[in-house]
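Structure first, commentary second.
What follows is calculated from the coordinates using simple rules that are stated; it is not laboratory data. This one's a predicted model, so the numbers in the text were calculated from it and none came from an experiment. Positions of Cβ are generated from backbone atoms using ideal geometry, with glycine treated the same way; all protein chains shown enter the neighbour counts.
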Amino acid sequence: MPQTLDAAAVRSWCSLALEALGREREEIDAINVYPVADGDTGTNLYLTVESAAQAVEAVFAAHETGASEPAPADAVRAMAHGALIGARGNSGTILAQLLRGMAEVLADAAPTDPEGAGGDRLAPALRRAAGLAREAVAHPVEGTILSVASAAAEAAERSAAERSGSADAGATVRAAYAGARAALAATPDQLPVLGRAGVVDAGGRGLLAVLGALVRSLTGETPAAFPMGHRRYEDPAAVVSAIESCAPEGGPAFEVIYLLEADDTAVARLRARLDGLGDSLVVVGGDGLWNVHIHVDDAGAAVEAGVEAGRPYRIRITHFGAAAEELPERVQRAVVAVVPGEGLAGLCAEVGATTVLARPGEPPASGELVEAIRRAHAREVVLLPNDAALRHTAAVAAEQARTEGVRVALIPTRAAVQGIAALAVHQPDRRFDEDVVAMTTAAGATRYAELAVAERQSWTMAGICQAGDVLGLIDGDVAVFGADLTPTAEAVLSRMLAAGGELVTLVLGDEVPDALADRLEIYVRDGHLAVDTVVYRGGRQSVPLLIGVE
């Protein structure tokens with residue numbers, strides 16, 4: 001087993017942590033008492049780590065054609081960034097900051113530790129993580145995930161000191177796990193609400209699972225598990241009753257979470273303003289991107305504060321204790337679609353679809369898709385991932401939704417233009433199976449292409465391209481490339497229309513001028529009189545131009 005935290009070990013750590021939280025999610029949810037007994041800490045931690053794991057996998061996917069694996073610094077930065085953009089709930093947001101703190105130290109060590117971080121770097125990384133997490137919480141409380149993180153760092157430092165700074169990563173993480181385990185056991189004596197319920201802190205329990213995965217990834221050993229049994233009660237019904245009795249009366253009504261693009265000065269003002277609006281305030285991140293979490297009565301004011309500070313997005317507002325019977329009657333059928341830009345989100349919403357925005361470099365996690373399916377509030381849902389890379393994520397979300405009693409059909413659309421074609425033939429008043437078949441047929445009959453800009457010199461199916469070249473990808477493979485967008489787009493259309501077609505769909509990114517669409521419409525009309533062209537503005541998307549041919 002590796003004795004340094006190299007890129008492969010980071011990948012393994014994420015995978016094992018996701019596996020551990022998947023096993024223990026429901027039990028962690030069941031002991032969720034503080035700060036709100038809403039039973040979702042395990043789920044939130046799972047979704048946060050899932051986003052981190054996806055980001056690391058994306059880094060490895062980008063290196064598939066190369067002979068070497070990613071640099072350790074790239075892997076740990078991806079892990080931290082993925083956790084930041086996918087953080088859920090109070091504990092998930094704090095975990096994201098813990099991973100960011102570790103990444104700061106481990107990535108900075110990359111020039112001197114090109115093969116990965118040893119035990120001499122892991123101890124200060126854990127210390128930085130614990131300190132950064134405390135700074136992110138407006139009012140830190142002992143007996144929580146913060147106490148467990150601090151204990152892990154202290155134990156790792158003692159272990160490293162006893163070995164005179166030895167680079168034995170295995171010994172360091174074993175000590176960190178043991179320190180965290182002892183601290184977790186002490187949480188009911190530190191936080192009265194836990195003591196009354198007879199449970200340990202749920203967030204701390206989840207962090208222990210993540211640290212246990214780190215031990216496994218570096219040593220191959222499975223550390224001693226923390227008993228999930230509650231300290232005081234053996235009867236599950238008694239535990240539930242105790243937890244319910246701990247729920248505060250008259251607490252904030254809403255949980256508000258959003259990502260925020262803002263500078264440090266604006267975020268400092270935002271912290272002060274939000275601190276006066278509610279509690280459980282956690283603001284994590286840096287370098288212009290932040291994740292904001294707060295419990296408030298006035299959700300609108302919390303979002304408005306974010307608007308004043310910068311640009312909030314991926315806004316999630318949850319009403320605590322919303323009763324199921326208060327929900328409106330389910331509609332019979334809905335469509336949930338992943339879209340690459342705000343323009344297409346508006347287009348899809350106009351025809352009744354519930355959308356999930358996939359920002360450049362930030363693919364949605366399965367939890368976001370499940371949330372969108374829930375928002376659709378339908379008995380039957382057609383799910384359009386609109387990206388080949390999201391097929392597995394969408395399948396996981398569909399399976400989860402099915403366990404909640406929703407009938408879900410996953411149409412494996414590989415591009416947004418295939419999703420548009422499927423929506424064009426969607427008829428919610430016909431039988432579900434017939435509607436799914438028609439939508440699948442329309443999507444499958446649509447060839448798709450995109451124009452992207454090469455980031456570096458590389459070998460493609462069309463030859464060796466240079467950084468800055470415009471790549472024309474048809475059905476996922478580079479077919480042509482050139483120096484300018486317009487002639488490359490024309491070459492792509494020529495190849496696609498050579499096989500026939502009746503309709504060309506063009507989706508333009510924010511920075512592409514209308515003149516390009518006009519030029520391409522003329523090009524299609526001059527060469528193919530029977531082919532129509534439709535143009536949409538996609539907004540801010542990862543590539544300048546998407547093309548579909550039906």
Fill in: the range 254-320: C-alpha gyration tensor shape, a/c 1.5 cut-off, then a/b vs b/c
prolate
Worksheet, complete the sentence: Of all DSSP beta bridges with both partners in the chain, the antiparallel percent, nearest 5, is 70
Practice prompt. May I ask you to derive the relative contact order of the chain, considering only C-alpha pairs under 8 Å and at least 6 residues apart, and to give it as an integer percent?
Written response: 10
Worksheet entry | Estimated FRET transfer efficiency (residue 317, residue 279; beta-carbon r; R0 22 Å; 0.05) | 0.85
Worksheet item: Roughly how many debye, to the nearest 20, is the charge dipole of the range 447-549 about its Cα centre, given +1 on each Lys and Arg Cβ, -1 on each Asp and Glu Cβ, and no other charges?
Response: 140
Discussion item. Report the Cα centroid-to-centroid distance between the range 483-550 and the range 368-416 in angstrom, as an integer.
Written reply: 29
Worksheet item: Taking +1 at the Cβ of each Lys and Arg and -1 at the Cβ of each Asp and Glu, which of 458, 252, 425 sits farthest along the dipole of the chain towards its positive end, judged by Cα position relative to the Cα centre?
Response: 252
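Rounded to the nearest 0.05, what FRET efficiency is calculated for residue 433 and residue 377 with R0 set to 30 Å and r the Cβ-Cβ distance?
With R0 = 30 Å, the Cβ-Cβ based efficiency is 0.90.
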Worksheet item: Å³ per residue of the Cα convex hull, for the chain?
Response: 158
Discussion item. Tell me whether the range 375-414 comes out rounded, prolate or oblate; compute the Cα gyration tensor, take square roots of the eigenvalues as a ≥ b ≥ c, and use a/c under 1.5 as the rounded threshold.
Written reply: prolate
Practice prompt. Kindly identify the range 327-444 as rounded, prolate or oblate by the Cα gyration tensor criterion: order the square roots of the eigenvalues as a ≥ b ≥ c, call it rounded if a/c is under 1.5, otherwise compare a/b with b/c, prolate if a/b is larger, else oblate.
Written response: rounded
Discussion item. Highest mean first, how do 416-422, 399-405 rank when packing is the count of other Cβ atoms within 10 Å averaged over residues?
Written reply: 416-422, 399-405
Fill in: the chain - charge dipole about Cα centre, Lys and Arg +1 at Cβ, Asp and Glu -1, debye rounded to 20
740
Response to the item:
Given 434-441, 207-214, the highest-first ranking by average Cβ count within 10 Å works out to 207-214, 434-441
Discussion item. Quick check: residue separation of residue 301 and residue 138 times 0.36 nm, minus the Cα distance between them. What number comes out in nm?
Written reply: 56.9 nm
Discussion item. Test of understanding: ordering 308, 255, 550 by Cβ neighbours within 10 Å, fewest first, what list do you get?
Written reply: 308, 550, 255
Discussion item. Modelling each spin label as a point 7 Å along the Cα-to-Cβ direction, I'd like the residue 222/residue 522 distance in nm, to one decimal.
Written reply: 6.9
Discussion item. Between residue 265 and residue 477, what's the calculated FRET efficiency when r is the beta-carbon distance and R0 is 56 Å? Round to 0.05.
Written reply: 0.75
Worksheet item: Would you list 465, 14 from fewest to most Cβ contacts within 10 Å?
Response: 465, 14
Worksheet item: Given 179, 125, 63, which one lies farthest toward the positive end of the charge dipole of the chain, if we put +1 on the Cβ of every Lys and Arg and -1 on the Cβ of every Asp and Glu?
Response: 179
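As an exercise, identify the GluC sites (Glu not before Pro) in the range 437-546 lying in DSSP coil whose Cβ has no more than 16 other Cβ atoms within 10 Å. Display every interim value, and only then the final one.
Details: sites: 450, 455, 490, 502, 511, 521; in loops: 455, 502, 511.
Those satisfying the criteria are 455, 502, 511.
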Response to the item:
With +1 at each Lys and Arg Cβ and -1 at each Asp and Glu Cβ, the charge dipole magnitude of the range 423-492 around its Cα centre, to the nearest 20 debye, comes out at 60
Item to complete: Using only Cα atoms, tell me the angle between helix 89-108 and the longest principal axis of the chain; keep it within 0 to 90° and round to the nearest 10.
Response: 90
Response to the item:
Taking 472-484, 293-305, 142-154, 83-95 and ranking on average Cβ neighbours within 10 Å, highest first, one gets 83-95, 142-154, 293-305, 472-484
Worksheet entry | Ascending count of other beta-carbon atoms within 10 Å, so fewest first, for 459, 13 | 459, 13
Practice prompt. Please go through the range 423-507 and write out the trypsin sites (Lys or Arg not before Pro) that DSSP classes as loop and that have at most 16 other C-beta atoms within 10 Å.
Written response: 430, 431, 456
Worksheet item: Stretched out fully, how many nm does the piece from residue 452 to residue 391 gain, at 0.36 nm a residue minus the Cα gap?
Response: 19.8 nm
Discussion item. Helix-only mean residue ellipticity at 222 nm, the chain, DSSP H runs n ≥ 4 weighted -39,500 (n - 2.57), per residue, nearest 500. What is it?
Written reply: -16500 deg cm²/dmol
